[in-house]
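Peer 1: Take a look at this one; I'll ask things after.
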Amino acid sequence: MPSLQSLRRKIAAFKNTQKITKAMKMVAAAKLKRSQDRILAARPYAHKMRGVLRNLSQRVNRSAHPLLQKRAGRKVEILVVTSDRGLCGGFNGNIVRKSAEFVRQCEAQGLSVNLSIIGRKGRDYFRRRSWAIRQEWTGVFDKLSFEHAIDIGGDLTENFVKGTFDELYVVYNEFKSAIQQRVIVEKLFPIDTDVEFGSDQNLPHDSVLGGSYLVEPDEGELLSALVPKHFQIQAYRILLESAAAEHGARMAAMDGATRNAGQLIKKVTLYYNKTRQAAITKELMDIVGGAEALK
Amino acid sequence: MAGKILLEVVTPEKLLLSQEVEEVIAPGSEGEFGVLPGHCHFLSSLRIGELRYKSQEVWRYMSILWGYAEVTPTKVTVMAEVAEKAEDIDVGRAQQAVELAEQRLLAGGLPSEVKDAQISLEKARLRKKIADRAKHGHS
């Protein structure tokens with residue numbers, strides 16, 4: 001039987017843990033609110049942009065701009081979006097599992113696969129398993145701004161043009177609601193006209209094909225401004241999705257942890273009281289026994 | 001006239017407008033263009049200017065600072081860097097901004113500064129104009 005003192009210590013330790021998880025939950029909730037507002041505000045623009053680009057790539061000659069090309073190459077790159085910090089439940093686990101599965105699928109088809117990674121957690125995971133990582137970005141979620149998206153979008157477009165990869169898929173957590181995330185595999189390069197694994201069901205997609213676009217100012221000028229921008233916007237959207245999802249996941253995980261700590265405290269406290277009562281009863285018996293003996 | 005087109009205006013900050021309208025006039029980079037239902041497919045960049053749309057026989061105004069517009073026979077999608085509805089613009093502040101920009105322009109300086117000042121003056125004047133429109137019952 002553990003001593004009363006060690007039980008007291010245990011209870012105190014659980015209480016401390018609970019305090020910490022509770023505080024983390026509060027912090028995550030506050031951050032969630034902010035990042036949720038950001039992603040909800042950014043979504044319509046990004047989705048419209050994608051719609052326009054899809055229509056556009058059906059209508060213009062795809063060789064008109066290097067970023068619109070469709071190559072028959074066999075080099076695939078996967079951009080894995082994880083978080084920088086842990087303690088957020090299955091957030092990162094789901095992503096790396098899905099990524100690894102996707103990599104195996106691609107390899108089974110005889111494609112060569114490269115990884116680039118956003119977030120410390122994913123980098124550590126794949127590095128430990130010594131997978132080849134082409135590019136990594138860490139610490140972007142501390143202060144997420146459009147600059148990061150320009151940076152990431154710029155690197156991706158540059159490498160697509162250079163031919164480092166022919167197709168790029170992004171694996172990320174989509175923010176569904178404060179307590180729900182969904183792992184999404186989305187094709188970013190080349191721009192596809194058919195529907196992807198992604199979420200937006202309601203993309204207006206008019207099927208009237210053919211008939212070229214009237215473009216103003218001239219096509220080349222417009223494309224060279226619009227297309228790189230599209231990729232920046234999409235990178236930004238994905239970062240925001242992931243950030244909001246991360247805070248949501250952390251909040252849920254910490255809520256669970258707080259509740260579990262509460263249950264443990266209850267259980268140990270009950271045991272402590274029982275033990276204490278037993279000790280008192282035993283002492284009383286001793287005293288009564290002693291008094292009896294003196295009679 | 002029977003037909004209607006869906007006008008959607010989005011900025012990186014939010015979805016500003018999504019409405020069925022009868023006619024749209026937008027500030028294309030090569031000049032204003034008007035869109036009626038059944039317009040052919042068209043894609044244009046936008047400059048600083050005024051976007052007008054007619055809904056239920058009433059013209060409404062909106063300021064647009066750069067962006068793109070995609071036109072299909074049934075829909076106009078405007079992706080603006082910055083956009084504001086006329087009724088959301090504060091006339092007093094717009095007037096102040098005009099004055100401030102004028103002062104900056106007069107103060108001169110490096111060519112890049114002058115250019116900046118010109119652009120902000122243009123922006124400020126546009127917002128002022130549109131705010132006035134809303135006020136004087138045009139809309």
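The values are calculated or read from the model by the stated rules, or taken from the named source; none is laboratory data. Computed from a predicted model, the values in this text were never measured in an experiment. Counting neighbours? That spans all protein chains shown, and the Cβs are built from the backbone with ideal geometry, glycine included.
Yes/no per residue for (1) closer than 18 Å to B:LYS14 by Cβ; (2) modelled with pLDDT under 80; (3) within 14 Å of another protein chain (Cβ to nearest Cβ):
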residue	(1), (2), (3)
B:PRO73	no, no, yes
B:ALA83	yes, no, yes
B:GLU99	no, no, no
B:GLN103	no, no, no
B:LEU106	no, no, no
B:LEU110	no, yes, no
B:ALA117	no, yes, no
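Peer 1: B:ILE64 fails exactly one of the following numbered conditions: (1) touching a strand residue (DSSP E or B) at 6+ places or on another chain (Cβ under 7 Å); (2) in contact (Cβ under 8 Å) with a residue 60 or more places away in the chain. What is the number of that condition?
Peer 2: Unmet for B:ILE64, out of (1) touching a strand residue (DSSP E or B) at 6+ places or on another chain (Cβ under 7 Å); (2) in contact (Cβ under 8 Å) with a residue 60 or more places away in the chain: (2).
Peer 1: Which members of the stretch B:26-66 meet the condition of being among the aliphatic types (A, V, I, L, M) and under 14 Å from the mean Cα position of the chain (by Cα)?
Peer 2: Selection gives B:ALA26, B:LEU46, B:ILE48, B:LEU51, B:MET62, B:ILE64, B:LEU65.
Per-residue answers, yes or no, for (1) without any contact (Cβ under 8 Å) to a residue 40 or more places away in the chain; (2) over 30 Å from A:ALA279 (Cβ atoms); (3) within 14 Å of another protein chain (Cβ to nearest Cβ):
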| position | (1), (2), (3) |
| --- | --- |
| A:LYS15 | no, no, no |
| A:ALA42 | no, yes, yes |
| A:GLY51 | no, yes, yes |
| A:ASN55 | no, yes, yes |
| A:HIS65 | no, yes, yes |
| A:LYS70 | no, yes, no |
| A:GLY90 | no, yes, no |
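Peer 1: Where the second residue is surrounded by fewer than 17 Cβ atoms within 10 Å (Cβ to Cβ) and the first is on the phi > 0 side of the Ramachandran plot and lies in the stretch B:106-130, which pairs have Cβ atoms under 8 Å and are six or more apart or on separate chains?
Peer 2: B:GLY108/B:VAL114
Peer 1: What number of residues within the stretch B:1-27 are over 13 Å from B:THR77 (Cα atoms) and within 9 Å of chain A (Cβ to nearest Cβ)?
Peer 2: Selection size over the stretch B:1-27: 3.
Peer 1: On to the next question. Pull out all pairs, ordered by first then second residue, where Cβ-Cβ is under 6 Å, the residues are six or more apart or on different chains, the first lies in the stretch B:34-52 and is under 24 Å from A:VAL227 (Cβ atoms), and the second is acidic (Asp, Glu).
Peer 2: B:LEU43/B:GLU70; B:SER44/A:GLU216; B:ILE48/B:GLU122
Peer 1: Another question, then. Are there any pairs with C-beta distances below 8 angstrom linking a residue in the stretch A:148-163 that is closer than 17 Å to A:LEU223 by Cβ to a residue that is in a helix (DSSP H, G or I) and among the polar types (S, T, N, Q), with the two at least 6 apart or on different chains, and if so which?
Peer 2: A:GLY153/A:GLN232; A:GLY153/A:GLN234; A:GLY154/A:GLN232
Peer 1: Checking the conditions here, which among A:THR21, A:THR82 is among the hydroxyl-bearing types (Ser, Thr, Tyr), over 19 Å from A:SER177 (Cα atoms) and either in contact with a helix residue (DSSP H, G or I) (Cβ under 8 Å, 6 or more places away or on another chain) or buried (at least 21 other Cβ atoms within 10 Å of the Cβ) (or both)?
Peer 2: After applying the criteria, what remains is A:THR21.
Peer 1: Here is a list of conditions, (1) surrounded by 15 or more Cβ atoms within 10 Å (Cβ to Cβ); (2) within 12 Å of chain A (Cβ to nearest Cβ); (3) out of contact with any Phe, Trp or Tyr (no Cβ under 9 Å at 6 or more places or on another chain), and B:GLY31 meets all of them except one; can you say which number that is?
Peer 2: Unmet for B:GLY31, out of (1) surrounded by 15 or more Cβ atoms within 10 Å (Cβ to Cβ); (2) within 12 Å of chain A (Cβ to nearest Cβ); (3) out of contact with any Phe, Trp or Tyr (no Cβ under 9 Å at 6 or more places or on another chain): (1).
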